[in-house]
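The values are calculated or read from the model by the stated rules, or taken from the named source; none is laboratory data. In this text the structure is predicted, and so the values were computed from the model without any measurement. Cβ atoms come from the backbone with ideal geometry, glycine included; neighbour counts cover every protein chain shown.
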Amino acid sequence: MIDEASRLEADALAVIAQAGDHAELERIRTLYLGRRDGLVSGLLRGLGRMSPEDRPAAGAAANALKVAVAEALEGRRAELEATTALARPAVDLTLPPRRRWRGSVHPVSRAIADIWAIFRSLGFTRARGPEVDTEWYNFVALNTPLDHPATDEQDTLYLASGMLLRSHTSPVQIRTMEEYAPPIRIIAPGMVYRRDTYDATHTPAFAQIEGLVVDELATFVDLKATLAEFVRRFWGPAAQVRFRPSFFPFTEPSAEVDVKRVIERSDGRREEKGWIEIMGAGMVDPAVLENVGYDPERYTGWAFGMGPARVAMLRHGVADIRAFYENDMRFLAQFA
Ligand code: DAH
């Protein structure tokens, strides 16, 4: 019995020392110390069949075995604990924390928001219209006959249904006038679509901002004064505005509006930039007013349309419009 105990102890200590993880240790614990079928428990039960003289020494040996196995199990458990703790990745508390990713407003969206804020303070409200529209709204009601070059499939993206992707925001003029009586004073930003070549100054989808004023005495002087005020508020009081005669089917007379920016340099010197076209504008053609049921004898109107991406290019010195629409985060993050 005493031999048996020391043999069991030697075996137990050997397997415990080899145990690779906690699950294995638990299996060993059950094998030796398990209450019902454990080898050590079996040995203790055997004491009952022994003679009273042999019993005390055998009992002491069995108990010593039980304690030795329990201690060996606990020792190995602590050892395993320590090595797995070491294996865990070290936490370096001196490292700076990971920077939180912050979004920012897209530069074209910001240009739209800033342009809109200026016109809102000048008494304009915001209007919107659908991006999928009809030839009537996109062309005909705007005094643009369907044989006009602008309606050519080269420029306009038609859908199978016969509808089209609006090629400018001017159809919002028609929809607004159909819905409301004068006076009208609206700004309508939105996306427009054209079958253009994709290059440094053209993208097939781009933003436009439409403006429309209709009233009993809306004049070309109002148009010039309002747009000049806009340019000075957007680019600073030194910026200059120029109106060049132009043509649009829906305005008469029509103008293209150029801006000359004056940059204050860090050495205090002023740098004059060249003239750059930023929008088309003009007096609403009486035929357009007639198309929406307004009386052209009573009402006059003026309108304009500009490209906020163009404005954002000027503002940030970006030479290629595609950069705004390719959504390279390294580019966009510069405007955060
Ligand atoms: N719709 C014109 C375009 O896309 C821009 C434009 C010109 C809008 C003159 C107007 C305007 O409202 O009066 O090229």
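Output the number of residues of the stretch 106-153 satisfying the condition of being assigned to a helix (DSSP H, G or I) and more than 31 Å from the chain's Cα centre (by Cα).
9
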(request) Check off (1) within 16 Å of the ligand (Cβ to nearest atom); (2) within 30 Å of the chain's Cα centre (by Cα); (3) at pLDDT 95 or above for GLY307 and give me the number that stays unchecked. (result) (3)
(message) Pairs please, first residue from the stretch 1-20 and farther than 22 Å from THR84 by Cβ, second anywhere and crowded, with 17+ Cβ neighbours inside 10 Å and among the charged types (D, E, K, R), Cβ atoms under 6 Å, 6+ apart in sequence or on different chains.
(response) none
(message) Can you confirm whether ASP285 is crowded, with 21+ Cβ neighbours inside 10 Å, acidic (Asp, Glu), closer than 30 Å to VAL140 by Cβ and assigned by TED's automatic domain parsing to the domain that holds VAL214?
(response) yes
(message) Report every pair of residues separated by at least 6 positions or lying on different chains whose Cβ atoms are under 9 Å apart, first residue within the stretch 231-255 and within 15 Å of the ligand (Cβ to nearest atom), second part of a strand (DSSP E or B) and among the β-branched types (Val, Ile, Thr).
(response) PHE243/VAL257; ARG244/VAL257; PHE250/VAL284; THR251/VAL284; GLU252/VAL284
(message) Quick check on the stretch 218-277: of everything there that is acidic (Asp, Glu) and over 19 Å from ILE115 (Cβ atoms), which residue is nearest to the chain's Cα centre (by Cα)?
(response) GLU264
(message) Just to be sure before I move on: is VAL172 in contact with a helix residue (DSSP H, G or I) (Cβ under 9 Å, 6 or more places away or on another chain), among the β-branched types (Val, Ile, Thr) and either modelled with pLDDT of 95 or more or part of a loop (DSSP other than H, G, I, E, B) (or both) in the structure I sent?
(response) yes
(request) Read through the list (1) basic (Lys, Arg); (2) surrounded by fewer than 18 Cβ atoms within 10 Å (Cβ to Cβ); (3) within 15 Å of the ligand (Cβ to nearest atom), then give the number of the only condition that ARG265 fails. (result) (3)
(message) If I filter the stretch 169-204 down to residues being closer than 20 Å to ASP320 by Cβ and hydrophobic (A, V, I, L, M, F, W, C), which single residue comes out as farthest from the ligand (Cβ to nearest atom)?
(response) ALA200
(message) For the structure I just gave you, tell me whether LEU31 is over 60 Å from the mean Cα position of the chain (by Cα) and at pLDDT below 85.
(response) no
(message) Tell me the residue from ARG315, ARG298 that is away from the ligand (no atom under 16 Å from the Cβ), in contact (Cβ under 8 Å) with a residue 12 or more places away in the chain, surrounded by fewer than 21 Cβ atoms within 10 Å (Cβ to Cβ) and under 29 Å from GLU178 (Cβ atoms), please.
(response) ARG298
(message) Can you tell me which of (1) closer than 19 Å to MET177 by Cβ; (2) more than 36 Å from the chain's Cα centre (by Cα) is the one ALA281 doesn't meet?
(response) (2)
(message) Looking at ARG76, ARG35, ARG45, can you tell me which residue is basic (Lys, Arg) and either outside any helix (DSSP H, G or I) or touching an Asp or Glu at 6+ places or on another chain (Cβ under 7 Å) (or both)?
(response) ARG35
(request) Please state which of the following conditions ALA113 fails to meet, knowing it meets all the rest: (1) within 26 Å of LEU227 (Cα to Cα); (2) surrounded by 19 or more Cβ atoms within 10 Å (Cβ to Cβ); (3) free of Cβ contacts under 8 Å to residues at least 40 places away in the same chain; (4) out of contact with any His (no Cβ under 8 Å at 6 or more places or on another chain). (result) (2)
